1. Would you check which residues across the range 30-85 are among the polar types (S, T, N, Q), within 24 Å of residue 126 (Cβ to Cβ) and within 16 Å of ligand 2 (Cβ to nearest atom) and list them?
2. Restrict the check to the range 139-152 and report whether at least one residue is without any contact (Cβ under 8 Å) to a residue 40 or more places away in the chain, outside the structural domain of residue 32 (by TED's automatic domain parsing), open to solvent by less than 80 Å² (accessible area, probe 1.4 Å) and part of a strand (DSSP E or B).
3. Return yes when residue 67 is among the polar types (S, T, N, Q), out of contact with any strand residue (DSSP E or B) (no Cβ under 9 Å at 6 or more places or on another chain) and within 21 Å of residue 153 (Cα to Cα) and no when it is not.
4. Do any residues in the range 35-54 that are farther than 25 Å from residue 161 by Cα have Cβ atoms under 6 Å from those of residues that are within 13 Å of ligand 2 (Cβ to nearest atom), where the two are at least six apart or on different chains, and which pairs are they?
5. Give me the pairs, please: first residue somewhere in the range 110-137 and closer than 23 Å to residue 171 by Cα, second residue anywhere and hydroxyl-bearing (Ser, Thr, Tyr) and exposed (fewer than 15 other Cβ atoms within 10 Å of the Cβ), beta-carbon distance under 7 Å, and either six or more positions apart or on two chains.
Amino acid sequence: MLPNHSYVEGVVDESLRNLIYPIDWPEIVDYVGLPAVLKPHWGGGWKDVTVVYSLEELWAAYNRSYTTTMILQEYIAWEHYVRCICIGQERIMPIRYNPHAPFHERYVVDHEHLNPELGTRILHDARLINRAMGYDMNTVEFAIRDGIPYAIDFMNTAPDFDPVSLPPIYFDWVVRQMADLVIARAHAHGAPPEAHWRAMMDTLPPAFGRNGA
Ligand SMILES: Nc1ncnc2c1ncn2[C@@H]1O[C@H](COP(=O)(O)OP(=O)(O)OP(=O)(O)O)[C@@H](O)[C@H]1O
Ligand SMILES: [Mg+2]
């Protein structure tokens, strides 16, 4: 996660006192490696996704980002790509995905594209991400290199669930999962238990005096 290039009005030097200026670009590039992918921390539709091969290319792309918070990722030269549709944090459908195909051909119907070890790891990691984010609707994308899945896009809170993009077999699955989830939540009076304010308070140690001291 990089500091913004520019900030919206009202964010002043004092607001940014936890950041170091100037940015240590060589250290960042040493850590991430090249090529790298610069992209918005919360994006969609490949908007402002740039593969950079040098510091100069990184700066050029960064200078175009203005107030958008950007992330810099290691470029994963993947042999396999999986997009997981995630409903209710735990219900995961790992689908073979071709990001370079036209929209209606990206999801590939293939029930045998994962070996047991990779499938188990992907399910585990997707659930972990959803739980950490608290996302009940999400897609998590893994680029797989040398058999290792790297989560490269995992904050899609408004995923494309259009029947034009999703083959019927997956569209039916997602509608069924979402229906089951909202019906279960409705029966449980709406809010998931962990969102209840009392449950949050109960996780704290006892408070003494006015300031809890
Ligand atoms: N770290 C990375 N390594 C290799 N390729 C990447 C990486 N990050 C992104 N890409 C490529 O760029 C594409 C778009 O990136 P990403 O999914 O993060 O952007 P997006 O705007 O969320 O796109 P979408 O809405 O299609 O998911 C990916 O499908 C992948 O092909
Ligand atoms: Mg993506």
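The values are calculated or read from the model by the stated rules, or taken from the named source; none is laboratory data. Note that the structure is predicted; figures quoted are calculated from it, not measured. Note: ideal-geometry Cβ built from the backbone for every residue, glycine included; neighbour counts use all protein chains shown. Accessible surface areas use protein heavy atoms only, side chains included; no ligands, DNA or RNA. Shrake-Rupley method; radii C 1.70, N 1.55, O 1.52, S 1.80 Å.
1. Residue satisfying the conditions is 73 alone.
2. Scanning the range 139-152 turns up at least one residue that is without any contact (Cβ under 8 Å) to a residue 40 or more places away in the chain, outside the structural domain of residue 32 (by TED's automatic domain parsing), open to solvent by less than 80 Å² (accessible area, probe 1.4 Å) and part of a strand (DSSP E or B).
3. yes
4. Close Cβ pairs (under 6 Å, with a partner that is within 13 Å of ligand 2 (Cβ to nearest atom)) amount to 37/73; 51/37.
5. As it stands, the answer is 135/157; 137/157, since those pairs meet every condition given.
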